[in-house]
1. Could you tell me whether any residue of the stretch 102-121 is of a type in the set (S, T, N, Q), modelled with pLDDT of 85 or more and more than 19 Å from VAL42 (Cβ to Cβ)?
2. Those residues that are assigned to a strand (DSSP E or B), without any contact (Cβ under 8 Å) to a residue 40 or more places away in the chain and more than 17 Å from ALA99 (Cα to Cα), I need them from the stretch 119-142; list them, please.
3. Quickly run through the stretch 33-76 and pick out the residues that are in contact (Cβ under 8 Å) with a residue 24 or more places away in the chain, within 24 Å of LYS107 (Cβ to Cβ) and assigned to a helix (DSSP H, G or I).
4. Exactly one of (1) under 16 Å from GLY60 (Cα atoms); (2) at pLDDT 90 or above is unmet by LYS153. Its number?
Amino acid sequence: MIPSGGREKTCPQWSEPITSRSLRRSNFQKEVGAIIGAYPGVADANVYGVRLPNHDGRAGMCAIAFHDNHHPDFGALSRHLHSILPRYAIPLFLRVTKAMTLTGNMKHQKHGLREEGIDPKNVRGERIIWLKNGEYVDFTIEDWEGLNAGHVKL
């Protein structure tokens with residue numbers, strides 16, 4: 001209730017849509033992360049969104065850690081995700097990492113990953129894979145330059 005000239009009038013819950021949208025996105029990311037994390041050879045998966053140049057919103061990205069001595073088959077992973085998830089839920093980018101960074105209460109740390117994004121200069125020593133023509137392939141500096149120049153359509 002907001003006082004208005006001695007009278008009270010109801011106010012729409014402006015924060016509610018933002019809060020519920022945030023909770024839906026968080027739950028969605030957890031569900032997709034759980035599906036990717038259950039794939040054979042995957043030790044852990046952390047799904048988040050990254051900003052891309054010349055595109056609105058955020059693109060889905062997943063930091064993924066594999067078990068030691070596991071050689072991932074990204075083609076098989078792509079086919080698996082396409083068979084289980086709707087197209088919009090499949091992360092466009094994968095970041096292959098050795099281990100996840102956790103917060104003090106054992107949640108995945110996403111802020112640093114989100115800030116680093118997909119720029120090869122920011123992601124040193126880790127491999128970036130992207131979904132190109134329905135298959136996961138290495139994301140190269142040429143791909144990054146094409147994305148920056150607005151030549152890449154996602």
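The values are calculated or read from the model by the stated rules, or taken from the named source; none is laboratory data. Computed from a predicted structure; not experimentally measured. With ideal geometry, Cβ positions are generated from the backbone for all residues, glycine too; neighbour counts draw on all protein chains shown.
1. Looking for residues that are of a type in the set (S, T, N, Q), modelled with pLDDT of 85 or more and more than 19 Å from VAL42 (Cβ to Cβ), one finds none in the stretch 102-121, hence no.
2. TRP130, LYS132, ASP138
3. Correct list: GLY33, ILE35, ILE36.
4. For LYS153, the failing item is (2).
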